[in-house]
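Submitted below is the structure of interest, expressed as C-alpha cells.
The values are calculated or read from the model by the stated rules, or taken from the named source; none is laboratory data. Since this is a predicted model, take the numbers as computed values, not measurements. Here Cβ is always computed from backbone atoms with ideal geometry, including for glycine, and neighbour counts include all displayed protein chains. Each accessible area value is taken on the protein alone, full model and side chains, heavy atoms only, with ligands, DNA and RNA left out. Shrake-Rupley method; radii C 1.70, N 1.55, O 1.52, S 1.80 Å.
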Amino acid sequence: MSKDTLTITDNRTGRNYEIPIQNGTIRSTDLRQIKISEDDFGLMGYDPAFMNTASCQSKITFVDGEKGVLRYRGYPIEELAEKSTYLETAYLILYGELPTEAELKQWAHNITFHTIIHENIKKFIDGFHYDAHPMGMLVSTVAALSTFYPDARSIFDPESQRKQTYRLIGKMPTLAAFVYRHSRGMPYAYPDNDLSYTGNFLNMLFKMTEVKYRPDPILEHALDVLFILHADHEQNCGTNAMRSVGSSHVDCYSAVAAAAAALYGPLHGGANEEVLRMLREIGSKNRVPEFIKKVKAGEGLLMGFGHRVYKNYDPRAKIIKQVADRVFEVTGRNPLLDIALELERIALEDDYFIKRKLYPNVDFYSGIIYEAMGFPVEMFPVLFAIPRTSGWIAQWQEMLSDPEQKIARPRQIYLGPEKRVYAAMEQRRSA
Ligand code: SDX
C-alpha cells in the first residue's frame, strides 16, 4: 500500500529515514535528522535562487507554468481581465472574495480618499535631478512614506493594516504621476476624486491647462486591464523581497520599497523597459533574423521572453496583445509591434527557444502599449509597480498571519578559509 513518505538511505552510515511528503514537498528541516555523528549539524537542502524551494503556503495566486494558467483566488485571469476592474481585483486578492456592490463602493471610496500625499513629499521629489529614473524616485518616495505614517509600525493591528492598504493603493498612482511630472519639468496635477482609479492616474499624468481632465475611456479601460494583469504573481522576485523584508516586522512602506526595488531590475519588472530598447535597437523587421542569431550565440537576451515558472505562453501576454489592438484604435498603431510580432514568430519556430521553453512573458507586449499611450520607457517599471502593490500587500498580510512564518534567514555552505591568525603588515602580500 503506497504511503506519502520518502525513504532515504544514508549510504555514509547505512541508516534509513522516512520523511513525510505533504503537498508535493518535504520539509527541509526533516533532513536535519540525517547525520553522520551526534555533533553533525545534519543535512540541508542547497537551492541557489530557490529553483526548487517552496518558501511559503499561499491561497492568493495559482500559476501552472506548463499549462500557462494564472488564477487570482481561483478566478482565471482571462475572466477577471474581461469582467472585473483593477480595484475589484485588488479587493479579491487582498480579502479572498469578490466584493458585494456595497463593499466595492466603500472600498473605492476609501482608496479614492487616500490619493492625496503630504505636501512635504513634493519637496524631496523636487530634489531629484531632472533626469532621475522614475523608478528610483518611486522606490525612494515609497520608503519615505514610512516617516509620515509611524502608525504603520503596528503591523499586526488589523485597523492599521487596512489604513496602510488604503494609503498605499491610493497613493502609488499619485507618487508615480508626480515623479513623471517632475521628470518632465511640469507642475504637479492633483487627484480628481470624480475619476476612476486609472482615469485619475491619467489625469495626474497628462492634465494640462484644461479645467477638468477627461480621460479617453478606451485608454482608461486598457490601463485598468493592464493593472489587473500585473496585480499579483505568487512568489516572484519582488514578492519574495516583500515577504523577506516584511518578515523582520518592518513597516509595510519599507517592505513595499524593497519589493519595488527588486521589481526595478531588468530581469524582472524592468524588462518591459528593456524590451522597448531592444525593439528600437533592432529597428526593422528585416533585422530580426540578425538579432535572433546574436541571442542564440549568447550575445544577449531576448527581453520579454522566458520565465522561471511559465514554460508555455504567459496568459497575460495573450491578453495584452488583445488590449494593444483596442489602444491602437485611439493612438494609432505602434510600428514596433510589427518587429515584436516578427520576433515572436521566428522565436517560436526556432529550436533554441523551443528547447528552452522560452515564450513571450507579460513584459513582451506591455511596453508597446505604454509607448503608444505616451509613456516614456523609464515609466514602464513604474506602471508595473502601481498595480503590483495590492499583490505585495496581500502576500505581506498572509505572511504575517502564517503561524509557521518567522524572520527569513537562510543558511549557507561555507567554502571560505579555515581559522587564520591575524597577519602583521610586514607579513602580508598583495592579493
Ligand atoms: C517578470 O517570476 C515572476 O512571476 C515574474 C513576473 C511577475 O509577474 O512578477 O512574471 C514578471 O519578471 C517576467 C520576466 C521578465 N524578464 C525578462 O523578460 C528578461 C528576459 N528573461 C530572462 O532573463 C529569463 O527568462 C528569466 C529571468 C525571466 C527567467 O530566468 P531563469 O528561469 O533563471 O532561466 P535561465 O536564466 O536559467 O534560462 C534557462 C536557459 C538559459 O540558457 P542555457 O544556459 O540553458 O543555454 O534559457 C536561456 C538562458 O540563457 N534564456 C534566454 C532567455 N531567458 C532564458 N535566452 C535568451 N533570451 C531570454 N530571454
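Mind checking the stretch 294-346 for GluC sites (Glu not before Pro) that DSSP puts in a loop (not H, G, I, E or B) and that have at most 14 other Cβ atoms within 10 Å? Can you show the working numbers first?
Details: sites: GLU299, GLU329, GLU342, GLU344; in loops: GLU299.
Counting only loop positions with at most 14 other Cβ atoms within 10 Å, the GluC sites (Glu not before Pro) in the stretch 294-346 are GLU299.
Something else now. On C-alpha positions alone, give me the angle between the axis of helix 380-401 and the longest principal axis of the chain, in degrees, nearest 10.
50
Under the Karplus relation 6.51 cos²θ - 1.76 cosθ + 1.60, θ = phi - 60°, what is the ordered set of whole-Hz ³J(HN,Hα) values for the stretch 327-332, x standing for Gly and Pro?
5, 5, 4, 8, 8, x
Let me ask another. I need the shape label for the stretch 271-372. Rule: rounded when a/c is under 1.5, else prolate if a/b > b/c, else oblate, with a, b, c from the alpha carbon gyration tensor. Walk me through the numbers on the way to the answer.
On the way: a/c = 1.96, a/b = 1.32, b/c = 1.49.
Verdict is oblate for the stretch 271-372.
Could you name the lysines in cross-link range of LYS35, using Cα to Cα under 29 Å and dropping any fewer than eight places away on the same chain?
Once the sequence-local lysines are set aside, what remains near LYS35 is LYS3, LYS406, LYS419.
Which residue fluctuates the most in the chain, going by a Gaussian network model with Cα springs under 10 Å, if the choices are TYR213, TYR17, TYR264?
Maximum fluctuation in the GNM of the chain, among the listed residues, is at TYR17.
Does the stretch 38-160 classify as rounded, prolate or oblate by the C-alpha gyration tensor (a ≥ b ≥ c root eigenvalues; a/c under 1.5 gives rounded; else a/b over b/c gives prolate, otherwise oblate)?
Working: a/c = 1.79, a/b = 1.19, b/c = 1.51.
Oblate, because a/c is 1.5 or more while a/b does not exceed b/c.
To the nearest 10 degrees, how steep is helix 217-229 against the longest Cα principal axis of the chain, on a 0 to 90 scale?
The answer is roughly 10 degrees.
Same structure again: Amide H to amide H under 5 Å from ILE19: which residues, 5+ apart in sequence or cross-chain, H placed 1.01 Å off N in plane?
For ILE19, the qualifying residues are LEU6, THR7, ILE8.
If we restrict to alpha carbons, what Rg and Dmax does the stretch 352-412 come to, in Å?
Just the Cα atoms of the stretch 352-412 yield Rg and Dmax of 17.7, 47 Å.
Report the one residue of GLY96, ALA49, THR61 whose Cα lies farthest in the direction of the positive end of the charge dipole of the stretch 1-121 (charges on C-beta: Lys and Arg +1, Asp and Glu -1; origin at the Cα centre).
Looking along the dipole axis, the top candidate is ALA49.
Sticking with this structure for a sec: Would you mind checking the tilt of helix 134-148 against the longest principal axis of the Cα atoms of the chain, expressed as 0 to 90 degrees and rounded to 10?
In the chain, helix 134-148 runs at an angle near 80 degrees to the longest axis.
Hey, in the GNM for the chain with a 10 angstrom Cα cutoff, which one of ILE354, ILE368, ILE111 fluctuates hardest?
ILE354
While we're here: Tell me the mean residue ellipticity at 222 nm calculated for the chain from its helices only (DSSP H runs of n ≥ 4, each -39500 (n - 2.57), averaged over every residue, nearest 500).
Working: 17 runs with 213 residues, N = 431.
My calculation for the chain gives -15500 deg cm²/dmol from helical runs alone.
Roughly how big is the stretch 67-264's charge dipole about its Cα centre, with Cβ charges of +1 (Lys, Arg) and -1 (Asp, Glu), in debye to the nearest 20?
440
At 1.4 Å probe radius, can you tell me the per residue accessible area of the chain in Å²? If you can, show how the numbers build up before the last one.
Working: 22200 Å² over 431 residues.
Normalised by residue count, the accessible surface of the chain is 52 Å².
Please name whichever of HIS230, TYR188, GLN161 sits farthest to the positive end of the charge dipole of the stretch 67-264, dipole taken about the Cα centre and charges placed at Cβ: Lys and Arg +1, Asp and Glu -1.
With unit charges placed on the Cβ atoms, the residue in question is TYR188.
Further, regarding this structure: Regarding the chain, what whole-number volume in Å³ per residue does the convex hull of its Cα atoms give? Don't skip to the answer; put the middle values down first.
Working: hull volume 98.5 nm³, N = 431.
Taking the convex hull of the Cα positions in the chain, it is 228 Å³ per residue.
Tell me which aspartates and glutamates have Cα within less than 15 Å of LYS357's Cα, excluding those fewer than 8 residues away on the same chain?
ASP64, GLU66, ASP314, GLU344, GLU349
Under a point-charge model restricted to the Cβ atoms of Lys and Arg (+1) and Asp and Glu (-1), what is the dipole moment magnitude of the stretch 271-372 relative to its Cα centre, in debye to the nearest 20?
Working: 18 positive and 16 negative charges, 63 e Å.
Once rounded to the nearest 20, the dipole reads 300 debye.
Find, among the GluC sites (Glu not before Pro) in the stretch 1-89, those assigned to loop by DSSP (not H, G, I, E, B) with at most 15 other beta-carbon atoms within 10 angstrom. Write down the numbers at each step before the final one.
Working: sites: GLU18, GLU38, GLU66, GLU78, GLU79, GLU82, GLU88; in loops: GLU38, GLU66.
Loop-located and lightly packed - GLU38, GLU66.
Quick one: with all protein chains in place, what share of the accessible area of the stretch 271-372 is carbon or sulfur, to the nearest percent (1.4 Å probe)? If you can, show how the numbers build up before the last one.
Numbers: 2270 of 4630 Å².
Reported share for carbon and sulfur atoms: 49 percent.
Further question on the same structure: Would you report the distance distribution of C-alpha pairs in the stretch 298-431 as whole percents per 5 angstrom bin, up to the bin with the largest distance?
2, 8, 12, 14, 12, 10, 10, 7, 7, 6, 5, 4, 2, 1, 0
Let me see the P(r) profile for the stretch 67-264: every Cα-Cα distance counted, bins of 10 Å, each bin given as a percent of all pairs.
With a bin width of 10 Å, the distribution comes to 8, 32, 40, 18, 2.
Quote the charge dipole size of the chain about the Cα centre in Debye, to the nearest 20; the model charges only the Cβ of Lys and Arg (+1) and of Asp and Glu (-1). Write out the running numbers ahead of the final one.
Numbers: 51 positive and 54 negative charges, 197 e Å.
Charge dipole of the chain: 940 debye, to the nearest 20.
Ok, one more. DSSP loop (so not H, G, I, E, B), at most 14 other Cβ within 10 Å: list which trypsin sites (Lys or Arg not before Pro) in the stretch 108-191 pass both filters.
Numbers: sites: LYS122, LYS123, ARG153, ARG162, LYS163, ARG167, LYS171, ARG181, ARG184; in loops: ARG184.
Answer in residue order: ARG184.
Here's another thing I want to ask about it. Under a GNM of the chain (C-alpha, springs under 10 Å), which listed residue has the highest mean-square fluctuation: ARG411, ARG326, ARG316?
Its mean-square fluctuation being the largest, the pick is ARG411.
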